[in-house]
Amino acid sequence: MLKAGTLLGACARSWKSVRMASSRVARRDLLANKVALVTASTDGIGFAIARRLAQDGAHVVVSSRKQQNVDRAVAALQGEGLSVTGTVCHVGKAEDRERLVTTAVKLHGGIDILVSNAAVNPFFGNLLDATEEVWDKILDINVKSAVLLTKAVVPEMEKRGGGSVVIVASIAAYTPFPGLGPYNVSKTALLGLSKNLAIELAQRNIRVNCLAPGIIKTNFSGVFWMDEAREESIKEALRIRRIGKPEECAGIVSFLCSEDASYITGETVTVAGGAPSHL
């Protein structure tokens, strides 16, 4: 009887392993041999997206403004057996954007996917108190860099017959965060940018979509959840009574970049725990 029980247990464990392996194989086929660039991808949502794209079969080039952050992210993801490399890229600098594109082409022969995730928020206060310098920095990094990076990758995507761009906006595009006026405006601009690019690039077989995360537990959003009372207040406002995790954004991006989403372009997917998301 003991032997039978042991055998059944072993069979169950083996079957579980087969199902898990099958699941991994299926997921890895989703983006098999695609080449993806992900900006601001050494931490938080960007890192989770880079990991998921690589898990689903893509060769991923991660980037960040600091070399030590790039090195750390690459080491972590390569340690998981994923095809990931990286380079320093300050998206506000033309030479860095060029290097990011060149790195991907040199290493992998082309580019199929761009995830534009870089953003800054150097200001808190009333919108009309923001200086011209604040506006310039936020719009340069959060909006203009997304346009210029897309412009840089389009020729490479065309060589491969098409591609997919995902621009990371925010729930703040729909429901502004108090005190973050210029940031909110920049994220609303990204919704319009994705729709305009989707129209212009459709004839080149390049799809452009937008991701609008809500409050996700990252260092960038720490001001919203590091204080326990504030975190509880936020949870009360959500239909799903918790703050999101970066990984809960990553699968959506992988889907949008895959052939499963081949008839989706110019759309924004909100991942926000049920927070209001209508203009």
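With θ taken as phi - 60° and the coefficients 6.51, -1.76 and 1.60, list the Karplus ³J(HN,Hα) couplings across the range 145-159 in order, rounded to whole Hz; mark glycine and proline as x.
5, 5, 5, 5, 5, 4, 4, 6, 8, 4, x, 6, 5, 4, 4
Determine one quarter of the surface area of the Cα convex hull of the range 95-173, which equals its mean projected area, and express it in nm² to one decimal.
For the range 95-173, the mean projected area of the Cα convex hull comes to 6.2 nm².
What does the net charge come to around Arg65 if you take all other residues with beta carbon closer than 10 Å to its beta carbon, with K and R at +1 and D and E at -1?
Values: positive: Lys66, Lys93; negative: Asp96.
That works out to +1.
Please compute the net charge surrounding Ala198, taking Lys and Arg as +1 and Asp and Glu as -1 over other residues with Cβ under 14 Å from its Cβ. Numbers along the way, then the final one.
On the way: positive: Lys195, Arg204, Arg207; negative: Glu200, Glu267.
Net charge around Ala198: +1.
Please list 156-166, 248-258, 99-109 highest first by mean number of surrounding beta-carbon atoms within 10 Å per residue.
Numbers: 156-166: 19.8, 248-258: 22.5, 99-109: 17.2.
Per-residue mean Cβ counts within 10 Å order the peptides as 248-258, 156-166, 99-109.
Tell me the per residue accessible area of the range 92-152 using a 1.4 Å probe; a whole number in Å² is fine.
Numbers: 3170 Å² over 61 residues.
Spelled out: the 1.4 Å probe surface of the range 92-152, per residue, equals 52 Å².
Out of the trypsin sites (Lys or Arg not before Pro) in the range 50-83, which ones are loop residues according to DSSP with at most 14 other C-beta atoms within 10 Å?
Values: sites: Arg51, Arg52, Arg65, Lys66, Arg72; in loops: Arg65, Lys66.
For trypsin sites (Lys or Arg not before Pro) across the range 50-83 that sit outside H, G, I, E and B with at most 14 neighbouring Cβ atoms in 10 Å, the list reads Lys66.
Under a 5 Å amide H to amide H cut-off, with H placed in plane at 1.01 Å, what residues pair with His59 once short-range neighbours are removed?
Amide H neighbours of His59, under 5 Å, 5+ apart: Asn33, Lys34, Val35, Ala36.
The values are calculated or read from the model by the stated rules, or taken from the named source; none is laboratory data. From a predicted model like this one, the values you see are computed outputs, not experimental measurements. For neighbour counting, all protein chains shown are included, and Cβ atoms are generated from backbone atoms with ideal geometry for every residue, glycine included. Calculation scope for accessible area: heavy atoms of the full protein, side chains included, ligands and nucleic acids excluded. Shrake-Rupley method; radii C 1.70, N 1.55, O 1.52, S 1.80 Å.
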